[in-house]
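Trainee: I'd like to ask you about the structure that follows.
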Amino acid sequence: MKPPREPQSASNVEVFVADEQTERPVDVERWSRLAEQVLDAEGAQGEAELSMLFVDEATMAGLNSKFHGQEGPTDVLAFPIDDEPVEGGRSPDSGGSGPGYTPGEPGELPVLIGDVVICPLVADRNAPEHAGTYEDELALLVVHGILHLLGMDHMEDDEAEAMEKREQELLDRFHRTS
């Protein structure tokens, strides 16, 4: 297991990446860079944070069951985090923060975009029938997960078409650059 990657910033966007599986190699630097580029292209403003986690099938199956009621592992899950500023103060009573505390302005607080969780082993199995190569499949899952965090969905045909179109535009711009 590789240690979590230190955050890197592009336009004040911090992407935290951890590879917590050993079944398939994951280039955390590459996928972090892609995530930063996608967030920047999608207009992430100010201080923004995203975490991306690469996990094994058992972990993914547990998350899929717990949060979606589905059995077995899936390739990607996205967990958006509400971007409303958290109320200041001490826990649990939200009382005063103590002497000398000056709260930051809401615009100065980081926007917690959310978490993207990817299962490389499922991605590897799906790649030949889906995106082609393992690397192309991981790129697609990174972009797909981020677009979900930013509010895109594919429940309706028109939403699915718009999301797929944007995925391809972003992949052409940042992944398929030869």
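Trainee: Identify the residue in the range 122-160 that is at pLDDT below 90 and among the charged types (D, E, K, R) and, among all such residues, is nearest to the chain's Cα centre (by Cα).
Mentor: Here the residue is Asp153.
Trainee: Looking at the range 148-162, which of its residues are hydrophobic (A, V, I, L, M, F, W, C) and either surrounded by fewer than 18 Cβ atoms within 10 Å (Cβ to Cβ) or assigned to a loop (DSSP other than H, G, I, E, B) (or both)?
Mentor: Narrowing the range 148-162 to residues hydrophobic (A, V, I, L, M, F, W, C): 149-150, 152, 155, 160, 162.
Of everything in the range 148-162, those that are hydrophobic (A, V, I, L, M, F, W, C) and either surrounded by fewer than 18 Cβ atoms within 10 Å (Cβ to Cβ) or assigned to a loop (DSSP other than H, G, I, E, B) (or both) turn out to be Leu150, Met152, Met155, Ala160, Ala162.
Trainee: So, one more: Could you grab the pairs with beta carbons closer than 8 Å, sequence gap of 6+ or different chains, first residue in the range 155-169 and of a type in the set (D, E, K, R), second one surrounded by 11 or more Cβ atoms within 10 Å (Cβ to Cβ) and in a helix (DSSP H, G or I)?
Mentor: Arg166/Leu147; Glu167/Leu140; Glu167/Val143; Glu167/His144; Glu167/Leu147
Trainee: Can you name the residue in the range 1-47 that is touching an Asp or Glu at 6+ places or on another chain (Cβ under 7 Å) and under 22 Å from Glu167 (Cβ atoms) and, of all such residues, is modelled with the lowest pLDDT?
Mentor: Top of the filtered list is Ala10.
Trainee: Among residues belonging to the range 9-27 that are free of Cβ contacts under 8 Å to residues at least 60 places away in the same chain and under 13 Å from Val55 (Cβ atoms), point out the one that is surrounded by the most Cβ atoms within 10 Å (Cβ to Cβ).
Mentor: Val17
Trainee: Looking for something among the β-branched types (Val, Ile, Thr), surrounded by 13 or more Cβ atoms within 10 Å (Cβ to Cβ) and modelled with pLDDT of 95 or more - is there at least one such residue anywhere in the range 80-92? If you could, list the steps in order and put the result at the bottom.
Mentor: To start, the set of residues in the range 80-92 that are among the β-branched types (Val, Ile, Thr) comprises 81, 86.
Narrowing further to those that are surrounded by 13 or more Cβ atoms within 10 Å (Cβ to Cβ): 81.
If we keep only those that are modelled with pLDDT of 95 or more too, we end up with none.
So far as the range 80-92 goes, no, none of its residues is among the β-branched types (Val, Ile, Thr), surrounded by 13 or more Cβ atoms within 10 Å (Cβ to Cβ) and modelled with pLDDT of 95 or more.
Trainee: Which numbered condition trips up Thr102, out of (1) surrounded by fewer than 18 Cβ atoms within 10 Å (Cβ to Cβ); (2) of a type in the set (Val, Ile, Thr); (3) assigned to a loop (DSSP other than H, G, I, E, B); (4) at pLDDT 60 or above?
Mentor: Every condition holds for Thr102 apart from (4).
The values are calculated or read from the model by the stated rules, or taken from the named source; none is laboratory data. Nothing here was measured: the structure is a model prediction, and the numbers come from that model. All Cβ positions, glycine included, derive from the backbone under ideal geometry; neighbour counts span all protein chains shown.
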